[in-house]
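The block underneath contains the structure these notes are about, expressed in structure tokens.
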Amino acid sequence: SAVISQKPSRDICQRGTSLTIQCQVDSQVTMMFWYRQQPGQSLTLIATANQGSEATYESGFVIDKFPISRPNLTFSTLTVSNMSPEDSSIYLCSVGGGTRSSYEQYFGPGTRLTVT
Amino acid sequence: SQQGEEDPQALSIQEGENATMNCSYKTSINNLQWYRQNSGRGLVHLILIRSNEREKHSGRLRVTLDTSKKSSSLLITASRAADTASYFCATDLGTSGSRLTFGEGTQLTVNP
């Protein structure tokens, strides 16, 4: 299994500002994922971040709003840009299993964002 | 749209009882996974069942998969107060990247 940390754990931000969330993994992984979990809801995949290539965004999410960096195999950032109260959510990063025989994902503790 | 739908949305039981949660999905899958989330924190992987498997056990957990009905169930036996959490099913379609699509979740409360 992988150990994943996220920073910050929570933040309260003003609308119109941006927040960058960091995700650090204790081992090298090919695939990292970013999810959003709105209050009382399930997880929705924002994008898949592979090292050395641009992130792949899911329908309804765009790079201008959620730019992602993946500078190496242990780190990724997600920026929530020009925030509005609707962006208040928990943002979680995860990594895929290390081999194709192991498909489970390991999740970070999440970043709880409140936009006022 | 969500691939998975879960029922019930909320379940409240007494310690020692069994808890059963169900998940339905819409398209063919490579595997189905169950995760637990405690109070808005990160998710913990519980169990994975592949599309060619029908039942799987892990400790007090039993998962079944019926691909003809596109449904799965998670049974927690002899529940404990510490099992109180949200439980999510997630489907992996087997296409590029191990992308998971999560169900809506079941909030389980185990009363001591």
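The values are calculated or read from the model by the stated rules, or taken from the named source; none is laboratory data. All values reported here derive from a predicted model rather than from experimental measurement. Ligands, DNA and RNA are stripped out before the accessible areas are found, and what is left, the full protein with its side chains, is counted by its heavy atoms. Shrake-Rupley method; radii C 1.70, N 1.55, O 1.52, S 1.80 Å.
Residues of the stretch A:39-64 with accessible area at least 30 Å² lower in the all-protein-chain context than alone (1.4 Å probe)? Buried by 30 Å² or more upon assembly, which counts only protein chains, are A:42, A:43, A:58. Per residue, the convex hull spanned by the alpha carbons of the protein assembly as shown comes to 118 Å³.
Dividing the mean sequence gap of close Cα pairs (under 8 Å, 6+ apart) by how many residues chain A holds gives a relative contact order of 36 percent. Computed from protein heavy atoms with a 1.4 Å probe, the total accessible area buried between A and B is close to 1700 Å². Secondary structure note: in chain B, about 90% of the DSSP beta bridges are antiparallel. Heavy atoms of the protein chains alone define the surface here; on that basis the protein assembly as shown has 47 Å² accessible area per residue at 1.4 Å probe size. Across chain B, C-alpha contacts under 8 Å between residues 6 or more apart give a mean separation that, scaled by the residue count, equals a relative contact order of 39 percent. Just check chain A against the gyration tensor rule for me: Cα atoms, a ≥ b ≥ c as the square roots of the eigenvalues, rounded for a/c under 1.5, and otherwise prolate or oblate depending on whether a/b exceeds b/c. Taking the square roots of the gyration eigenvalues as a ≥ b ≥ c, chain A is prolate. Taking every protein chain into account, the 1.4 Å probe leaves residue A:25 with about 10 Å² of accessible area, to the nearest ten. Taken over the C-alpha atoms, chain B has Rg and Dmax values of 13.3, 44 angstrom. DSSP beta bridges confined to the protein assembly as shown are antiparallel in about 90 percent of cases.
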